[in-house]
Every structure is written in structure tokens, then in C-alpha cells.
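J.: I have a structure here, written as C-alpha cells, and I will follow up with some questions on it.
The values are calculated or read from the model by the stated rules, or taken from the named source; none is laboratory data. Keep in mind that what you see is a predicted model, and the values were worked out from it rather than measured. Glycine gets a Cβ as well: all are built from the backbone with ideal geometry, and neighbour counts include every protein chain shown.
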Amino acid sequence: MGETLIRLRDDAASTAPVVALADLGTETNATAVRVLPGEDVGALLPLLDRLELVEVAFPAYTDGRGYTSARFLRERGYTGELRAVGDVLIDQISHYHRCGFDAFAPNQPITRAAVDKAIATWPEVYQRTVDGRSPIWAARHG
């Protein structure tokens with residue numbers, strides 16, 4: 001049986017209510033936010049130190065804007081939980097992880113073992129990632 005929340009983190013999952021990015025200005029104590037495709041995650045930069053969870057919505061697997069949002073936040077120092085939510089497919093898990101996602105809440109449950117296998121399937125990468133792996137060209141050319 002699959003799970004509806006898979007975390008690749010050791011800390012406790014956030015239990016804070018998730019606030020829409022559009023409503024974040026009125027929720028001054030919010031520590032969890034949901035970002036929809038096309039929303040400007042740059043608005044979160046002043047709040048990164050207080051956010052414990054950023055959910056990035058994937059209403060359709062064909063909409064890849066959430067990958068950019070994740071990478072943007074990780075490259076700017078966000079260390080809290082970054083959760084892909086919605087139409088999250090197992091064959092894209094390694095790509096989500098490469099961009100910085102460390103939690104998944106798929107519409108269709110998947111197993112933790114399948115997630116681990118998907119991440120391990122391609123140990124070498126060609127582009128820079130935010131998951132700590134060096135691109136293969138760096139190993140070849142120093």
C-alpha cells in the first residue's frame with residue numbers, strides 16, 4: 001500500500017496550517033505556505049528563516065514551473081521542508097529531488113521504497129543540482 005506523504009527528512013513533519021501564498025500577507029505568523037504555478041516565490045525570501053514548510057502545487061505533471069520554484073528557494077538558502085503536492089509521479093521523483101524537494105504528497109499513493117529506488121536510479125547527473133551531487137562533467141574535467 002502506498003503512502004500519501006513521503007518525507008526524506010529526519011525532523012518531524014510540520015503540523016502548521018498551510019496558507020496560500022496570496023494570503024501570506026494577512027497571516028503574519030504563518031510558518032507553512034502553498035505556492036501555486038506561476039506565483040512569485042521571490043516574495044518568500046524575507047520569510048525563509050521562519051518558514052518550516054513550503055508546499056509547491058503540481059496540479060498537472062505536465063506543469064514544470066514548480067521545479068523552478070524549488071530550485072530558486074534552495075539556491076537562496078531555504079532549508080525547511082519543501083514538499084511537492086498534487087500530480088506527483090514516481091517517474092519524476094528523481095527530478096523533484098534534484099531540484100530540492102525533500103517531501104512528496106502525491107494524489108495517488110506511492111511507496112517509500114519506490115521513491116528511494118527512483119532517486120537511486122540515476123546516480124550521475126549532467127546538470128548542476130541542489131541535492132549535493134556534482135555533475136558528471138565535473139568529475140571528468142575537474
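Here is a yes/no grid of residues against (1) more than 27 Å from ASP91 (Cα to Cα); (2) in a strand (DSSP E or B); (3) touching a residue at least 40 places away in the same chain (Cβ under 8 Å); (4) small (Gly, Ala, Ser):
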site: ARG9; (1), (2), (3), (4): no, no, yes, no
site: ALA12; (1), (2), (3), (4): no, no, no, yes
site: GLU39; (1), (2), (3), (4): no, no, no, no
site: LEU45; (1), (2), (3), (4): yes, no, no, no
site: LEU51; (1), (2), (3), (4): yes, no, no, no
site: ASP63; (1), (2), (3), (4): no, no, no, no
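J.: If you check LEU24 against the conditions, is it modelled with pLDDT of 90 or more, touching a helix residue (DSSP H, G or I) at 6+ places or on another chain (Cβ under 8 Å) and surrounded by 13 or more Cβ atoms within 10 Å (Cβ to Cβ)?
T.: no
J.: Filter the stretch 28-57 down to the residues that are surrounded by 14 or more Cβ atoms within 10 Å (Cβ to Cβ) and charged (D, E, K, R), then identify the one that is farthest from THR15 (Cα to Cα).
T.: GLU39
Rundown of residues vs (1) over 27 Å from LEU45 (Cβ atoms); (2) touching a residue at least 24 places away in the same chain (Cβ under 8 Å); (3) surrounded by 19 or more Cβ atoms within 10 Å (Cβ to Cβ), yes/no style:
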position: GLY66; (1), (2), (3): no, yes, yes
position: ALA70; (1), (2), (3): no, yes, yes
position: GLY77; (1), (2), (3): no, yes, no
position: VAL88; (1), (2), (3): no, yes, yes
position: ALA103; (1), (2), (3): no, yes, yes
position: PRO106; (1), (2), (3): yes, yes, yes
position: ARG112; (1), (2), (3): yes, yes, no
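J.: Same structure, new question: If a residue has to be among the β-branched types (Val, Ile, Thr), within 21 Å of ASP11 (Cα to Cα) and in a loop (DSSP other than H, G, I, E, B) to count, how many in the stretch 65-108 make the cut?
T.: Within the stretch 65-108, residues that are among the β-branched types (Val, Ile, Thr), within 21 Å of ASP11 (Cα to Cα) and in a loop (DSSP other than H, G, I, E, B) number 1.
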